[in-house]
Amino acid sequence: MTEWHWLKENPFGLVKQPKPAKPRSRVITQKEVEMILHTCGYGSGTLTAQVGDVMLFALETAMRIGEICGLTWEHVHARYVHIPETKNGTTRNVPLSSKAKVLLSDQTKENPVFGMNTAQADALWRKCRDRALIKNLHFHDTRRTALTRLAQKFSGHRDLRILQNVYYQPTIDDLADKLN
């Protein structure tokens with residue numbers, strides 16, 4: 001239109017964009033966690049069972065599946081893990097609860113920490129979820145579940161945006177102290 005002047009007006013100018021999807025509000029129940037752990041054979045030492053550790057670590061840290069599967073030992077510290085690049089292109093330090101530390105201590109000292117890539121973890125997790133006959137559940141729902149639990153633990157706020165934007169600017173040590 002502007003360079004070659006073939007059209008006088010934009011043909012897409014009258015097309016309405018679809019409304020954005022409503023954000024998910026799914027929180028995973030403890031029963032669903034137990035069902036997924038059972039169907040993955042948790043504790044058996046198989047790669048499928050290992051996805052149980054990935055899920056439990058996500059529930060403890062609110063980390064994304066790609067961040068967990070990309071985690072290497074050089075970024076694991078005593079009280080936190082360092083994520084050198086997040087989905088948003090920034091770095092982040094994530095405090096470790098005592099449960100998260102136990103999950104890390106159970107891993108071999110090879111990289112990546114949880115021994116699988118994101119595609120493997122996602123496929124195995126979906127397989128376990130489907131075997132457990134759980135509907136409308138995505139791995140990313142572990143993030144909402146973890147953040148919901150943390151918000152309730154720290155302050156009782158139901159809306160994390162208020163907690164994050166108005167009241168709370170913690171250091172990584174403050175967060176690690178609160179988790180234990």
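The values are calculated or read from the model by the stated rules, or taken from the named source; none is laboratory data. All values derive from a computational prediction rather than experimental measurement. Cβ: placed from backbone, ideal geometry, glycine included. Neighbour counts: every protein chain shown. Protein only, heavy atoms only, side chains kept; ligands, DNA and RNA dropped before computing areas. Shrake-Rupley method; radii C 1.70, N 1.55, O 1.52, S 1.80 Å.
A few comments on the model shown:
- Near Ile83, the amide H atoms lying under 5 Å from its own belong to Arg92, Asn93, Val94; only residues 5 or more places off or on other chains count, and H is placed 1.01 Å from N.
- Here the Karplus relation 6.51 cos²θ - 1.76 cosθ + 1.60, evaluated at θ = phi - 60°, turns the backbone of the stretch 110-123 into coupling constants of 9, 9, x, 3, 9, x, 8, 8, 4, 4, 4, 4, 5, 5 Hz, with x for every Gly and Pro.
- Using θ = phi - 60° and Karplus 6.51 cos²θ - 1.76 cosθ + 1.60, couplings along the stretch 82-94 (whole Hz; Gly, Pro as x): 9, 9, x, 8, 8, 4, 8, x, 10, 9, 8, 10, 10
- Under conditions of 4 °C and 1.567 mPa s, the chain yields 70 µm² s⁻¹ as its translational diffusion coefficient, taking Rh as the Kirkwood radius over Cα pairs in the Stokes-Einstein equation.
- Pairs exceeding 28 Å between alpha-carbon atoms, taken from Lys19/Lys178; Lys22/Lys135; Lys22/Lys99; Lys135/Lys178: Lys19/Lys178; Lys22/Lys99; Lys135/Lys178.
- Environment charge of Phe139, counting only residues whose C-beta is closer than 13 Å and scoring Lys/Arg +1, Asp/Glu -1: +3
- Protection-proxy order for peptides 19-29, 105-115, each taking the mean of Cβ atoms within 10 Å per residue, highest first: 105-115, 19-29
- Residue-wise HN-Hα coupling along the stretch 26-41, computed from phi with Karplus coefficients 6.51, -1.76, 1.60 (Hz; x: Gly, Pro): 6, 10, 7, 7, 5, 4, 5, 4, 4, 5, 5, 4, 5, 6, 8, x
- His138 exposes around 90 Å² of accessible area when a 1.4 Å probe is run over every protein chain in place.
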